[in-house]
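**Student:** Below is one structure. I have some questions about it.
The values are calculated or read from the model by the stated rules, or taken from the named source; none is laboratory data. This one's a predicted model, so the numbers in the text were calculated from it and none came from an experiment. Please note: Cβ atoms are built from the backbone with ideal geometry, for glycine as well, and neighbour counts cover all protein chains shown. Please note that ligands, DNA and RNA were not included when accessible areas were found on the heavy atoms of the full protein model with its side chains. Shrake-Rupley method; radii C 1.70, N 1.55, O 1.52, S 1.80 Å.
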Amino acid sequence: MSDKKIEVIKHLQQAEAIYAIMSGFTKQPYVVCDEETFDDKVLIYFEEEPAKEAAKKLLEAGNFVQIAKVENPLLLEFYTSLYPIGVNCLHINSGLEDDMLIQHSELLRRKDPENVEDGKVRVENPELQLTALYFLQEFRKNPQAPMSDEVKETYEEMLVHFGRGTYIVPTEEEHGIPILRQKEGRAYLPLFTDLQEFQKFNREDKFKGGIVEAANVSRLVNDEMEGVVVNPFSINLVLNVGKKKED
């Protein structure tokens, strides 16, 4: 590892603040696939003005983005949040002379799943999250327009990952599984891809989290529900998963 890269990593760890490009379509970091390395990366700046300039260019291209200032006490939380969404790279100062790609693993190490505390299970769906971010960043630019072949391919890949996933479903002792209603009034089963997303929903600690595999999700969808909504407080991905008929 070069001295310059070591210096940048230290700055990422010790900076008073960094500036991240966020997607207004997903309420998550704006993700980009690097054209040369094919890394799935987020865009990070050390200064506010270059971040604003980068956001302005993205906005002009139809991307609904904004700047998030991440101050030092929240840096570790921000970097850790990149694991569940499948990001493997941080592009530092993209478009500037001193831009650099930093691998997520160079910045932060985490415990292997085998080393998680006894009795606990790490529920994460990074492949689903990542493909959903790419899909929604494009689809929500103009949801009424026909999907391009590339967007269709991403959507189909996302559904494949959904079908392979394991999710957290909230339950309440007296009322069972809650129902979430979208703005138009339609009811959905809430599902969460990871603990961080579940905690956004369970801020008052009213619910317990059960674990359900994708193959069994449809058994939880009752006649009132029209499907599921994945991570309603971020990507808000609605899928029309029908109720499974009992044999």
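**Student:** Go through the range 168-224 and give me each residue that's touching a helix residue (DSSP H, G or I) at 6+ places or on another chain (Cβ under 7 Å) and not in a strand (DSSP E or B).
**Tutor:** Within the range 168-224, Ile177, Thr193, Gln196, Ala214 meet the criteria.
**Student:** Then there is this: Does the range 111-121 contain at least one residue that is farther than 18 Å from Ala17 by Cβ and open to solvent by less than 20 Å² (accessible area, probe 1.4 Å)?
**Tutor:** Narrowing the range 111-121 to residues farther than 18 Å from Ala17 by Cβ: 111-121.
Going one step further and asking which of them are open to solvent by less than 20 Å² (accessible area, probe 1.4 Å), we end up with none.
So far as the range 111-121 goes, no, none of its residues is farther than 18 Å from Ala17 by Cβ and open to solvent by less than 20 Å² (accessible area, probe 1.4 Å).
**Student:** Right, something else. May I ask you to verify whether Ile92 is farther than 28 Å from Val229 by Cβ, among the β-branched types (Val, Ile, Thr), touching a residue at least 24 places away in the same chain (Cβ under 8 Å) and surrounded by 12 or more Cβ atoms within 10 Å (Cβ to Cβ)? Step through it out loud before you land on a result.
**Tutor:** Details: farther than 28 Å from Val229 by Cβ: yes; among the β-branched types (Val, Ile, Thr): yes; touching a residue at least 24 places away in the same chain (Cβ under 8 Å): yes; surrounded by 12 or more Cβ atoms within 10 Å (Cβ to Cβ): yes.
Spelling it out, Ile92 is indeed farther than 28 Å from Val229 by Cβ, among the β-branched types (Val, Ile, Thr), touching a residue at least 24 places away in the same chain (Cβ under 8 Å) and surrounded by 12 or more Cβ atoms within 10 Å (Cβ to Cβ).
**Student:** What single numbered condition from (1) open to solvent by 20 Å² or more (accessible area, probe 1.4 Å); (2) in a strand (DSSP E or B); (3) on the phi > 0 side of the Ramachandran plot; (4) not hydroxyl-bearing (Ser, Thr, Tyr) fails to hold for Gly227?
**Tutor:** All conditions are met except number (1).
**Student:** I'm checking my understanding of the structure. Among residues of the range 24-41 that are surrounded by 22 or more Cβ atoms within 10 Å (Cβ to Cβ) and in a strand (DSSP E or B), which one is nearest to the chain's Cα centre (by Cα)? Full working, then the answer.
**Tutor:** Going through the range 24-41, the residues surrounded by 22 or more Cβ atoms within 10 Å (Cβ to Cβ) turn out to be 26, 28-31, 41.
With in a strand (DSSP E or B) added as a condition, the list becomes 28-29, 31, 41.
Values: Gln28: 6, Pro29: 8, Val31: 9, Lys41: 12 Å.
Per the stated criteria, the residue is Gln28.
**Student:** I would also like to ask the following. Would you call Tyr134 under 15 Å from the mean Cα position of the chain (by Cα), open to solvent by 40 Å² or more (accessible area, probe 1.4 Å) and of a type in the set (Phe, Trp, Tyr)? Walk me through it before giving the result.
**Tutor:** Values: under 15 Å from the mean Cα position of the chain (by Cα): yes; open to solvent by 40 Å² or more (accessible area, probe 1.4 Å): yes; of a type in the set (Phe, Trp, Tyr): yes.
Here the answer is yes, as Tyr134 does meet what is asked.
**Student:** What are the residue pairs meeting all of these: first residue in the range 19-44, first residue within 18 Å of Asp194 (Cβ to Cβ) and among the hydrophobic types (A, V, I, L, M, F, W, C), second residue in a loop (DSSP other than H, G, I, E, B) and open to solvent by less than 20 Å² (accessible area, probe 1.4 Å), Cβ atoms under 7 Å, and 6 or more apart or on different chains?
**Tutor:** Pairs found: Val31/Val87; Val42/Leu82; Val42/Val87.
**Student:** Here is a follow-up. Starting from the range 194-216, take each residue that is on the phi > 0 side of the Ramachandran plot and list its partners that are surrounded by fewer than 17 Cβ atoms within 10 Å (Cβ to Cβ), counting only C-beta distances under 9 angstrom and pairs at least six apart or across chains.
**Tutor:** Partner pairs satisfying both residue conditions: none exist.
**Student:** Then there is this: For the range 153-166, state whether one or more residues are open to solvent by less than 30 Å² (accessible area, probe 1.4 Å), touching an Asp or Glu at 6+ places or on another chain (Cβ under 7 Å), among the aromatic types (Phe, Trp, Tyr) and touching a residue at least 24 places away in the same chain (Cβ under 8 Å).
**Tutor:** Within the range 153-166 (the criterion being open to solvent by less than 30 Å² (accessible area, probe 1.4 Å), touching an Asp or Glu at 6+ places or on another chain (Cβ under 7 Å), among the aromatic types (Phe, Trp, Tyr) and touching a residue at least 24 places away in the same chain (Cβ under 8 Å)), the answer is no, since none of the residues qualifies.
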